[in-house]
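Undergrad: Let me begin by handing over the structure; questions about it come next.
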Amino acid sequence: MSEASAHERTPEPNDGHLGSLRAPVQAAGFWSAVTMPFLYPVFLLNGQNTAMAVLMVLHAVALVVGHAHNSR
């Protein structure tokens, strides 16, 4: 294998309808991850510990889903 071909990026396979949903889902995850921290004080000040824990888990999921948004 030549050095040039070793560094080439392989194209992603065409995922059909699921591939067309990738960008909007990543965008939603990214912007959810950006805005969710504004809800932390609301739940902390109201003493809703269970809701706060759920929000933190959802925030982590949003970070994972949206991490590649607009990184091309």
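Undergrad: Compute the Kirkwood hydrodynamic radius of the range 21-72, taking the inverse of the mean of 1/r over all pairs of distinct Cα atoms, and give it in Å to one decimal. Each step should come with its number before you reach the end.
TA: Details: mean 1/r = 0.0875 Å⁻¹.
Roughly 11.4 Å, rounded to one decimal.
Undergrad: Once you have the Cα-Cα distance between SER32 and HIS67, take 0.36 nm times their residue separation minus that, and quote the gain in nm to one decimal.
TA: Details: separation 35, 0.36 × 35 = 12.60 nm, distance 1.12 nm.
Here the answer is 11.5 nm.
Undergrad: Which ³J(HN,Hα) values in Hz, rounded to whole numbers, follow from the phi angles of the range 38-54 under the Karplus curve 6.51 cos²θ - 1.76 cosθ + 1.60, where θ = phi - 60° and Gly and Pro get x?
TA: Residue by residue, the range 38-54 yields 5, 8, 3, x, 4, 6, 5, 6, 8, x, 8, 5, 5, 5, 5, 5, 5 Hz.
Undergrad: Return the sequence-ordered ³J(HN,Hα) values of the range 19-28 in whole Hz as given by the Karplus equation 6.51 cos²θ - 1.76 cosθ + 1.60 applied to θ = phi - 60°, using x for Gly and Pro.
TA: Going residue by residue, I get x, 6, 8, 4, 5, x, 5, 5, 5, 5 Hz, with x marking Gly and Pro.
Undergrad: Another question, then. If R₀ is 35 angstrom, what is the calculated FRET efficiency for the pair VAL25 and ASN49, using the beta carbon separation as r and rounding to 0.05?
TA: 0.75
Where a number appears in this text, it was derived from the coordinates with a stated rule and is not lab data. Just so it is clear, the model here is predicted, and its values are computed rather than measured. Note that we place each Cβ from the backbone using ideal geometry, even for glycine, and neighbour counts take in every protein chain shown.
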